[in-house]
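Data first, discussion second: the structure below is written as structure tokens.
The values are calculated or read from the model by the stated rules, or taken from the named source; none is laboratory data. These numbers were taken from a predicted model, which means no experiment stands behind them. Glycine also receives a Cβ, built like all others from the backbone with ideal geometry; neighbour counts cover every protein chain displayed.
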Amino acid sequence: MTRIRKWIPVVGAAAVVAGVGGMALAATASSGPLLQSQLFGNMPKVTIRGVASATAPWVLNGTVTLTRTHLSASGKWMLIPAGYMASGAAVPKSLVGTTAGVPKLVAEITDANGGHMVTAPVVLTKKGSFTFNMALHLTGPIQDPIVLIGPPGKKPHTMAAWFAASNFLRQYGYATPAMVKSWAKASAGGTTKGSYGGTTKKSGSGSGSSGW
């Protein structure tokens, strides 16, 4: 798996960003946004690119824009709603509508090929507001970036758990005509791979492993 050499932090008026590893991404360099998305709260027991979600659900109203030189993300009402914890128990009433006392957040920029970078922390207010306005220096091709937001981990430049994420579900859960056409072409042969790696034989009986 290819990894980017290193993303270089830029020190200036914006906050300092610490690069961890690098990213190898498969898209041509562009001055335009790499990512523009709403931010969505987490669901417990979901891991994205090695980062587990918090054990409590979180909601917010926010957006994120990522370019090779800048990260801009802001949100309000990042709070714990009524719902269910990872254990299946109801969220305690004492936590509903609060930030659970979390004082700071970091953003983690991740790439489909394993590169990642964690920013310096910003303040999370008691009402659930935050703003990231940070200079970056991202190099190399970048494939399917996802931005995660959550509290800093115990070690420098790590995230303890993600509370919110950019809209990766749209990236991976939305079918396009080009996708369907390519799958139809690939399945014209004798066998096709199922959605989770199983192999299905092309036959009228429908025999074989479904892959899911």
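Some observations on this one:
- Condition met for residue 147 (among the β-branched types (Val, Ile, Thr) and surrounded by fewer than 11 Cβ atoms within 10 Å (Cβ to Cβ)): no
- Complete set of residues in the range 62-96 that are exposed (fewer than 14 other Cβ atoms within 10 Å of the Cβ), touching a strand residue (DSSP E or B) at 6+ places or on another chain (Cβ under 8 Å) and more than 25 Å from residue 47 (Cβ to Cβ): 69
- Residue within the range 75-89 that is modelled with pLDDT of 95 or more, under 17 Å from residue 147 (Cα atoms) and out of contact with any Ser or Thr (no Cβ under 8 Å at 6 or more places or on another chain) present: no
- Residue in the range 44-63 that is within 18 Å of residue 161 (Cα to Cα), part of a strand (DSSP E or B), among the basic types (Lys, Arg) and touching a residue at least 24 places away in the same chain (Cβ under 8 Å) present: no
- Among the residues of the range 174-189, just one is β-branched (Val, Ile, Thr) and closer than 16 Å to residue 144 by Cβ, namely 176.
- Of all the listed residues (160, 165), the sole one being touching a Pro at 6+ places or on another chain (Cβ under 7 Å), of a type in the set (Gly, Ala, Ser) and modelled with pLDDT of 95 or more is 160.
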